[in-house]
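Below: the structure, in structure tokens.
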Amino acid sequence: MSRGEAARPVEAVVIGAGQAGLSGAYYLRRAGLEPGRDFVVADHNSGPGGAWRHRWDSLTTETVNGVHSLPGMPWSAPSHPAPVNVAVPEYFAAYEHEFGLRVHRPVSVRRVHDGPEGRLRVETTEGTWSARGLINATGTWERPFWPHFPGRSSFLGRQLHTADFAGGAEFAGQRVVVVGGGGSAADMLLGLLGVARSLTWLTRRPLNLMTEPFTSEHGRASVAVIAERVRRGEAPGSIVSATGLHLPPELAAAVDDGRVTLGRTFDRVTPDGVAWDDGRFVPADALLWATGFRPSVAHLGPLNLREPGGGIRVEGTRAVADPRIHLIGYGPTASTIGANRAGRSAVRELADHLGGFRAAEEVPLAG
């Protein structure tokens, strides 16, 4: 589709082809819509896999917290541990092929705004679509959060975010400071154990550790916390902020025996390390910022969905300010299990709001 052509009418556009986007696309197809004709999936990545394709090589199918099946096609872990940045994209590619989802990539969505006749105008690098509804599944990976600290720009060593981490090997023999109290920090520290010369782990507040096995009750409780945040129009925050962090035994042992020094975040960055106002100082060759991500929703700005609390107010998956917009992989649906369920409910609610899909066959959304 060239930019000079008129907007192409479709029933729905799905933005993003990670776990959430593919789930939404699957249920649109189950609702009787034809991929590429009645709805389109636009993905910023150059290939399948969503955020998984950007994980570091040392994170494998054996060490990752979990890979969950997409609806309609079970995930089968390889017989031998494999990097998740290879294994999961292969699974997603097979899924796209199995259901003929015809993902458009690499395509960046520039903006979404109101169009004529109550439709949405979705402007992309591949052209423009005119849609009756939108499923936004852009996740957070492309919006790493870098906190402000005095002196950060003066640091002479290397600084990188979780989004740029490629593995611990490149930090061999270095003094490394890891900042952040979530699962990404724990994953990076595991990759640095026995590689870095020294490891310092600094968090803004005491670690919120899970001291017992994670249960379905824990999961429901944490989802409820984040769901309430987005219902109030607040920023959703991370899943770990509600669930607590499960500390891998190897990392817990390293903290206990001093291979990893755990403490509170510094007051400022210096050219050769980090410092506190009380005079403490830790020298560093590298600062690794495991400080989380923010939802990638800037393209929805023209729709004025944001609340004073900084987030988009969402009920279930529906944007309260505009029921044509459904957000999955946002807030309580950011987990892979949550994204699957959200894909189904988003399609069902969108169909109800629109009075049915015009190209849809009567196909139940069971399963």
Regarding the range 61-80, can at least one residue be identified that is crowded, with 20+ Cβ neighbours inside 10 Å and over 15 Å from N340 (Cβ atoms)?
no
Identify all residues within the range 7-62 that are closer than 25 Å to D187 by Cα and among the β-branched types (V, I, T); write none if there are none.
T60, T61
Name the single residue that is surrounded by the most Cβ atoms within 10 Å (Cβ to Cβ) among those in the range 329-345 being farther than 17 Å from S296 by Cβ, at pLDDT 85 or above and not hydroxyl-bearing (S, T, Y).
G343
Being under 20 Å from the mean Cα position of the chain (by Cα), modelled with pLDDT of 70 or more and surrounded by 15 or more Cβ atoms within 10 Å (Cβ to Cβ) narrows G182, G237, G244 down to just G182
For the range 1-30, give me each residue that is assigned to a loop (DSSP other than H, G, I, E, B) and modelled with pLDDT of 95 or more.
G16, A17
Lone qualifier among L202, L209 - being of a type outside the set (G, A, S), crowded, with 19+ Cβ neighbours inside 10 Å and in contact with a strand residue (DSSP E or B) (Cβ under 6 Å, 6 or more places away or on another chain):
L202
May I ask you to list pairs of residues, at least six apart or on different chains, whose Cβ atoms are under 7 Å apart, with the first in the range 261-276 being assigned by TED's automatic domain parsing to the domain that holds L202 and in contact (Cβ under 8 Å) with a residue 60 or more places away in the chain and the second being surrounded by fewer than 14 Cβ atoms within 10 Å (Cβ to Cβ) and among the β-branched types (V, I, T)?
none
Quick check on the range 84-98. Is at least one of its residues closer than 23 Å to P271 by Cα and surrounded by fewer than 19 Cβ atoms within 10 Å (Cβ to Cβ)?
no
Could you check how many residues of the range 293-328 are among the β-branched types (V, I, T) and at pLDDT 95 or above?
1
crowded, with 16+ Cβ neighbours inside 10 Å and either under 23 Å from E123 (Cα atoms) or under 19 Å from the mean Cα position of the chain (by Cα) (or both): does that describe A31?
no
Regarding V64, is this residue of a type outside the set (F, W, Y) and out of contact with any Phe, Trp or Tyr (no Cβ under 7 Å at 6 or more places or on another chain)?
yes
Being part of a helix (DSSP H, G or I), at pLDDT 95 or above and not assigned by TED's automatic domain parsing to the domain that holds S108 narrows A221, A227, A254 down to just A254
Give E90, E62 a once-over and let me know the one that is at pLDDT 95 or above and either in a loop (DSSP other than H, G, I, E, B) or more than 20 Å from V109 (Cα to Cα) (or both).
E90
Any residue in the range 122-145 that is at positive phi sitting within a Cβ distance under 6 Å of a residue that is part of a loop (DSSP other than H, G, I, E, B)? List the pairs, counting only those 6 or more apart or interchain.
G127/M1; G127/R3; G139/G18; G139/G329
Please verify whether R53 is out of contact with any Phe, Trp or Tyr (no Cβ under 8 Å at 6 or more places or on another chain), of a type outside the set (D, E), farther than 14 Å from H326 by Cβ and assigned to a helix (DSSP H, G or I), treating the condition exactly as stated.
yes
Can you pull out the residues in the range 109-156 that are under 17 Å from G36 (Cα atoms) and among the hydroxyl-bearing types (S, T, Y)?
T124, T125, T128, S130
Residue list for the range 199-213, restricted to those being at pLDDT 85 or above and within 12 Å of G182 (Cβ to Cβ)
W201, T203, R204, R205
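The values are calculated or read from the model by the stated rules, or taken from the named source; none is laboratory data. These numbers come from a predicted model, not from an experiment. Don't worry about glycine lacking a Cβ; one is built from the backbone with ideal geometry, like all the others, and counts go over all protein chains shown.
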